[in-house]
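Engineer: Have a look at the structure that comes next, please.
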Amino acid sequence: MGNDSIGKSWVDKNGSTSQSWVRAFWEFSRPHTIVGTSLSVLALYAIAQSARLFVNPAFGPLAFAWLACICGNIYIVGLNQLEDVEIDKINKPYLPIASGVFSLKTGELIVIATGIIAILTAVLQGPFLLATVGVSLAIGTAYSLPPIRLKRFPFWAALCIFTVRGAIVNLGLFLHFNWVLDLGRAKSAFSGWNLESVSFRIPAEVWVLTVFVVVFTFAIAIFKDIPDMEGDKQYNITTFTIELGKPAVFNLSRWVLTVCYLGASLAGAIVLSNVNLVFLTVSHLAALGLMWFWSAKVDLDDKIEIAAFYQFIWKLFFLEYLIFPAACLLG
């Protein structure tokens with residue numbers, strides 16, 4: 001198993017080779033990151049459109065931006081799996097390459113193809129999307145690939161994750177959609193990079209969402225290593241969990257998330273005049289309460305419970321990309 005793209009046991013379990021390949025590809029793409037990326041694209045598009053009341057919406061740029069970002073996402077997570085095969089055999093043995101379902105060659109082809117598609121699509125769409133995708137891919141490469149391999153260092157690893165997920169994606173996508181949705185911009189995105197009269201103003205709503213996601217993603221970045229402590233320690237990957245211990249990182253993550261939700265609610269009252277403040281505040285406090293309720297039941301000695309809570313944190317991340325645009329639209 002592992003010499004071909006699909007292992008025999010995988011085919012036996014799932015029926016047809018084609019269905020098995022799709023399932024393995026979906027797992028290789030790290031579904032929670034795909035959902036997060038998709039929601040971020042939709043959310044920034046909705047916020048950019050909210051000022052235009054969805055008059056003459058342009059769905060072509062939305063589809064191409066989604067394609068570029070998803071392919072960039074797969075490139076980044078795929079490259080990480082290619083470089084972490086032995087570590088994943090301990091921490092995440094179910095992943096396609098670690099389990100032998102995908103060969104290294106298959107993984108390399110997927111990573112190369114998605115990287116090329118991401119860049120080419122971004123080039124055709126305009127400078128803001130190209131900058132967003134290009135910088136994200138560059139940071140993702142530096143995160144995983146030797147000799148830089150920033151994931152070895154906890155500060156730089158966390159910085160890579162929340163810089164891409166937080167600042168680059170949110171600000172870059174808003175500028176892109178703001179450009180292509182302006183009168184006549186949809187055509188210029190395909191016929192040339194006409195930057196005349198481009199508004200670089202980023203509204204308060206986008207800044208608040210960006211700061212929220214940056215801080216929230218920091219919590220994700222430090223928490224994600226808690227269930228992977230065994231493999232990281234064996235292969236000399238230094239993480240905050242190894243340096244500080246599980247309880248300290250777990251509690252730090254919870255308080256970082258608390259700051260996110262309380263800060264967003266406070267920002268809504270102080271600087272956001274165009275959002276539905278009641279909806280924003282109630283939804284954030286409800287999410288915060290749910291997070292503390294679940295976290296109180298987590299057994300830090302149970303890897304399955306830790307992993308389940310980590311996935312729950314991702315669901316809260318997804319939820320924010322629904323709550324915030326909804327608050328803007330309801331405002």
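Engineer: Could you list, in sequence order, all residues of the stretch 236-267 that are free of Cβ contacts under 8 Å to residues at least 24 places away in the same chain and among the aromatic types (Phe, Trp, Tyr)?
Structural biologist: Trp255
Engineer: Return the pairs, sorted by first residue and then second, in which the second residue is of a type outside the set (A, V, I, L, M) and open to solvent by 40 Å² or more (accessible area, probe 1.4 Å), the first residue lies in the stretch 144-172 and is within 18 Å of Leu79 (Cα to Cα) and without any contact (Cβ under 8 Å) to a residue 12 or more places away in the chain, the beta carbons are less than 7 Å apart, and the residues are 6+ apart or on different chains.
Structural biologist: Listed pairs, sorted by first residue: Leu150/Trp156.
Engineer: Considering each residue of the stretch 272-311, count those that are surrounded by fewer than 17 Cβ atoms within 10 Å (Cβ to Cβ), in contact (Cβ under 8 Å) with a residue 60 or more places away in the chain and touching an Asp or Glu at 6+ places or on another chain (Cβ under 9 Å), and give that number.
Structural biologist: 2
Engineer: Which one of the conditions (1) touching a Leu at 6+ places or on another chain (Cβ under 9 Å); (2) more than 18 Å from Val215 (Cα to Cα) does Gly268 fail to meet, given that it meets all the rest?
Structural biologist: Condition not satisfied by Gly268: (2).
Engineer: May I ask you to list the residues in the stretch 247-282 that are farther than 29 Å from Lys303 by Cα and either of a type in the set (Asp, Glu) or touching a Phe, Trp or Tyr at 6+ places or on another chain (Cβ under 9 Å) (or both)?
Structural biologist: Once the filter is applied, which keeps residues that are farther than 29 Å from Lys303 by Cα and either of a type in the set (Asp, Glu) or touching a Phe, Trp or Tyr at 6+ places or on another chain (Cβ under 9 Å) (or both), the stretch 247-282 yields Gly263, Ala264, Ala267, Val271, Val275, Leu280.
Engineer: Then there is this: Going through the stretch 142-167 one residue at a time, which ones are touching a helix residue (DSSP H, G or I) at 6+ places or on another chain (Cβ under 7 Å), assigned to a helix (DSSP H, G or I) and open to solvent by 30 Å² or more (accessible area, probe 1.4 Å)?
Structural biologist: Residues satisfying the conditions are Leu150, Trp156, Ile161, Phe162, Thr163, Arg165, Ala167.
Engineer: Let me ask you something else. Go through the stretch 82-131 residue by residue and tally those that are touching a residue at least 24 places away in the same chain (Cβ under 8 Å), assigned to a loop (DSSP other than H, G, I, E, B) and not basic (Lys, Arg).
Structural biologist: Residues that pass the stated criteria total 8.
Engineer: Sticking with this structure for a sec: Quick check on my filter: what residues within the stretch 56-81 are open to solvent by 30 Å² or more (accessible area, probe 1.4 Å) and either assigned to a loop (DSSP other than H, G, I, E, B) or in contact (Cβ under 8 Å) with a residue 60 or more places away in the chain (or both)?
Structural biologist: Scanning the stretch 56-81 gives Asn56, Pro57, Gly60, Phe64, Tyr75, Ile76, Asn80.
Engineer: Here are the criteria: (1) modelled with pLDDT under 90; (2) surrounded by fewer than 22 Cβ atoms within 10 Å (Cβ to Cβ); (3) under 14 Å from the mean Cα position of the chain (by Cα). Tell me which single one Thr210 does not satisfy.
Structural biologist: If we test Thr210 against (1) modelled with pLDDT under 90; (2) surrounded by fewer than 22 Cβ atoms within 10 Å (Cβ to Cβ); (3) under 14 Å from the mean Cα position of the chain (by Cα), just (1) comes out false.
Engineer: Still on this model: Does Ile139 meet the test of being aliphatic (A, V, I, L, M), crowded, with 17+ Cβ neighbours inside 10 Å and either farther than 29 Å from Phe200 by Cβ or under 18 Å from the mean Cα position of the chain (by Cα) (or both)?
Structural biologist: So Ile139 fits the description; yes.
The values are calculated or read from the model by the stated rules, or taken from the named source; none is laboratory data. Nothing here was measured: the structure is a model prediction, and the numbers come from that model. When we count neighbours, we look across all protein chains shown, and the Cβ atoms used for this are built from the backbone with ideal geometry, even at glycine. For the accessible areas, the whole protein counts, side chains as well, though only heavy atoms, and no ligand, DNA or RNA atoms are used. Shrake-Rupley method; radii C 1.70, N 1.55, O 1.52, S 1.80 Å.
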